[in-house]
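Have a look at the structure below before the remarks.
The values are calculated or read from the model by the stated rules, or taken from the named source; none is laboratory data. As the structure is a computational prediction, the values presented were derived from the model and not from experiment. Glycine also receives a Cβ, built like all others from the backbone with ideal geometry; neighbour counts cover every protein chain displayed. Keep in mind that these areas ignore ligands, DNA and RNA; they rest on the heavy atoms of the full protein, side chains included. Shrake-Rupley method; radii C 1.70, N 1.55, O 1.52, S 1.80 Å.
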Amino acid sequence: MSIEEEERVAKAGVFDAGRNAKRPERQALGSVMEAPREVPIFATTDVLVVGGGPAGTTAAIAAARVGADVILAERYNHLGGLSTGGLVCWIDRMSDWDGKHVIKGLAEELLDRLPAGALSGPDRSIWGSRDEALVSEWAPRASAHHGAVTWAPMIDPEWLKLASLSMVQEAGVELLLHTWVVAPLVEDGAVTGAILESKQGRMAIRAKTVVDASGDGDMFAQAGEAYQGDIDNDTFHHCANTASLLAGVDMKPWLAFRKGDEAGFKEFMNAGRKAVKHFTIPFPGWRDDVTIFMGPRFAGFDVLKIDDLTQLELLSRQSIVDLLTFYRANAPGFENAWIMLTAPQLGARHSRRMVGLSQMTVKESRSGEVLADEIGVSPSLTPNHPTVSVPYGALLPANTNNLLVAGRHISTDAPVHSFMREIPQCWLTGHAAGVAAALSVQGNLAPRDVAPADIRAHLQKQGAYLQTQT
């Protein structure tokens, strides 16, 4: 199957279930008054990082390596966010179309720490290859796109959790798990920390700089910053679902069937769409006895609403049972498949995008311009476009001070969000935000006054790739 066919299949796996599956809007039932209360200060720090997903993990490590005291607060019991707890085991492209490794630094170090057997992807020597045989081999494993082999590996999420944890601990970051950061502390237009909730109760952390890596922009939204929520309806990048792992499979006969029996595979797809309400196809895992269903992807839901989140979980779990039943009966290699895991974290691809000091736009991203405030480089979506210069301004709120933003909610338009939300790009923006946060504290500067050249100098020391050399 060509990459164009893969994209059509992926798009076909989007279901606008929200119209029929969503619960009715709740009626307004009035309100209650909470009594004023004092909140004890749990800790003070230089940098507080909110959220331990890909962006938050690299932000915390980077800030600590620059020399800041760092607290990283995460609501789950693990680090890595959607790359681990969300079972987004496919790490999207980190190389450009010629095979150059452009998302490096802490992202590269995290993957380098995975042991043998915990990562599957093409050898570095063939990145960028247009050889038809190599492309044919790696396309079904999502590591060849638009006729080129790319660095887009599959990883074992449990080992990435451990690699993330070890790097955070080695950097000297104070880690708070099972801790939900519920609101920023804002004084005179500047963030001075945050309020946390946990089994221990309600507490506060005082911080000189805060990095919002919550994934949904919880800090910047509550600080009063403007945000956008428009989507590109022609893509699946706004959809949501809970992913699943199946074990007991054999990927080799499945891949051979897809590649070698065009008529049979077409018949299989048609039968699947008739038999299963929300039909989709899986990705090969990091080993050939594991497969990943990253869908079905559901449109029409708001991942900021409890009722929608609940319905997404119910739909996703029923769908994997339906898919398992069909695949066991009809797919080569799936005869003994079983549900290994449904993701602890729902896969939310989009909610809020900050309206920042500057915005990444589709026009700018296709221009090839190297921006003066570049703090990273992203691969482009197709070989027809140059690599993308990522600006520091997209990490800065328009008004609120002492706050940086990293991850899928940085300042972009809807088309650019489709690739800047991916795991490697979140590692990239988190890395830059962490460095900038530490430099703002050390220099007693507002984050917007930190020189991009100084950020780049530290990023390069930590292994990052940049087009603008410092």
Restricting attention to region 392-415, the residues that are surrounded by fewer than 24 Cβ atoms within 10 Å (Cβ to Cβ) and in a helix (DSSP H, G or I) number exactly 3
Selection over region 420-470 where residues are more than 25 Å from VAL191 (Cα to Cα) and either open to solvent by 40 Å² or more (accessible area, probe 1.4 Å) or modelled with pLDDT under 95 (or both) yields a count of 7
Candidates SER380, SER418, SER389 - the one that is in contact (Cβ under 8 Å) with a residue 40 or more places away in the chain and either under 16 Å from ASP212 (Cα atoms) or part of a helix (DSSP H, G or I) (or both): SER418
Looking only at region 325-349, filter to residues that are open to solvent by 60 Å² or more (accessible area, probe 1.4 Å) and more than 24 Å from the chain's Cα centre (by Cα); which one of those is nearest to LYS161 (Cα to Cα)? TRP338
Tally the residues that are open to solvent by 10 Å² or more (accessible area, probe 1.4 Å) and either part of a strand (DSSP E or B) or of a type in the set (A, V, I, L, M) (or both), restricting the search to region 350-377. 7
Meets criteria (modelled with pLDDT of 95 or more, more than 21 Å from LYS461 (Cβ to Cβ) and open to solvent by less than 10 Å² (accessible area, probe 1.4 Å)) for ALA62: no
Cβ-Cβ distance below 7 Å, separation of 6 or more or different chains: which pairs start in region 258-283 with a residue that is within 9 Å of LEU323 (Cα to Cα) and open to solvent by less than 50 Å² (accessible area, probe 1.4 Å) and end on one that is of a type in the set (Gly, Ala, Ser) and at pLDDT below 95? THR280/GLY13; THR280/GLY295
Need the failing condition index for VAL355 against (1) closer than 22 Å to GLN228 by Cβ; (2) in contact with a helix residue (DSSP H, G or I) (Cβ under 8 Å, 6 or more places away or on another chain), just the number. (2)
Taking region 87-127 only, how many residues are in contact with a strand residue (DSSP E or B) (Cβ under 6 Å, 6 or more places away or on another chain), closer than 22 Å to VAL370 by Cα and surrounded by fewer than 21 Cβ atoms within 10 Å (Cβ to Cβ)? 1
Could you count how many residues in region 71-86 are open to solvent by 10 Å² or more (accessible area, probe 1.4 Å) and in contact with a strand residue (DSSP E or B) (Cβ under 8 Å, 6 or more places away or on another chain)? 3
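So that you can scan it fast, the table gives a plain yes or no per residue for (1) charged (D, E, K, R); (2) more than 17 Å from the chain's Cα centre (by Cα):
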residue	(1), (2)
ILE91	no, no
ILE103	no, no
ASP112	yes, yes
GLY117	no, yes
SER125	no, yes
SER136	no, yes
